[in-house]
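Shown next, in structure tokens, is the structure this report addresses.
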Amino acid sequence: MSNDLHLHRVLKAPRSLVWRCWTEAEHIPHWFAPKPVVTRVVGLDLRPGGVFHVAMSMDGQDFPSAAGCFLEVVPEERLTWTSALGPDFRPVEAAGQPFLFTATLTFADHPEGTDYRVVARHKDPASASAHEEMGFSQGWGTVADQLGAHAAGLAARTTERA
């Protein structure tokens with residue numbers, strides 16, 4: 001296995017709306033984790049070094065969460081964040097975390113909406129394997145579908161108002 005995990009979807013919504021769903025806190029709880037997991041945005045500062053922190057729970061039980069850090073923000077094109085660094089590029093304590101990774105999301109126009117790609121980079125094949133075994137392909141695939149549906153709903157509401 002390589003150190004990287006990949007996901008690719010064509011989302012049937014405009015790139016600008018898919019971007020907004022990733023970068024505006026009000027949208028993230030609608031799609032960020034496979035349902036019935038509940039997501040709450042703890043911190044979102046969209047700049048290199050800015051915080052990216054969501055907390056998740058299910059049936060009243062909170063899952064462990066830690067603040068990550070945005071590394072790259074290219075509006076409507078690319079978003080890179082990592083769990084290996086906290087806000088302001090401060091290294092995090094790796095103990096107690098199953099793996100650390102860096103995710104690069106790319107957004108491109110597609111005739112049907114948005115070409116959406118994710119690369120999750122890990123330090124070694126064992127970390128990538130642990131992430132895959134935890135459910136990367138299925139979970140991130142479900143989340144991408146939820147993201148696309150939420151963005152498409154925004155597009156429909158925008159069209160109705162026009």
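A few notes on this one:
- One residue stands out in the range 19-51 among those that are in contact with a helix residue (DSSP H, G or I) (Cβ under 6 Å, 6 or more places away or on another chain) and part of a helix (DSSP H, G or I): the one that is nearest to K123 (Cα to Cα), namely C21.
- For V54, the criteria (1) part of a strand (DSSP E or B); (2) closer than 17 Å to A144 by Cβ; (3) without any contact (Cβ under 8 Å) to a residue 24 or more places away in the chain hold in every case but one, which is (3).
- Residues in the range 1-48 that are of a type in the set (F, W, Y) and closer than 17 Å to H110 by Cβ: W19, W22.
- Meeting the requirement of 2 or more residues that are of a type in the set (S, T, Y) and free of Cβ contacts under 8 Å to residues at least 60 places away in the same chain, the strands (runs of 3 or more DSSP E) wholly within the range 65-162 are 78-82, 101-110.
- Checking each residue in the range 145-159 for being under 17 Å from M56 (Cβ atoms) and in contact with a strand residue (DSSP E or B) (Cβ under 7 Å, 6 or more places away or on another chain) picks out only L147.
- Of all the numbered requirements in (1) farther than 22 Å from R121 by Cβ; (2) within 15 Å of the chain's Cα centre (by Cα); (3) part of a helix (DSSP H, G or I), S16 misses one, and that requirement is (2).
- The range 1-36 - residue that is at pLDDT below 95 and among the aliphatic types (A, V, I, L, M) and, of those, surrounded by the most Cβ atoms within 10 Å (Cβ to Cβ): A33
- Test set (1) surrounded by 12 or more Cβ atoms within 10 Å (Cβ to Cβ); (2) closer than 21 Å to R40 by Cβ; (3) acidic (D, E) - E77 fails condition number: (2)
The values are calculated or read from the model by the stated rules, or taken from the named source; none is laboratory data. Given the structure is predicted, the values throughout are model-derived calculations rather than measurements. In this analysis, Cβ positions are derived from the backbone assuming ideal geometry, glycine residues included, and neighbour counts consider all displayed protein chains.
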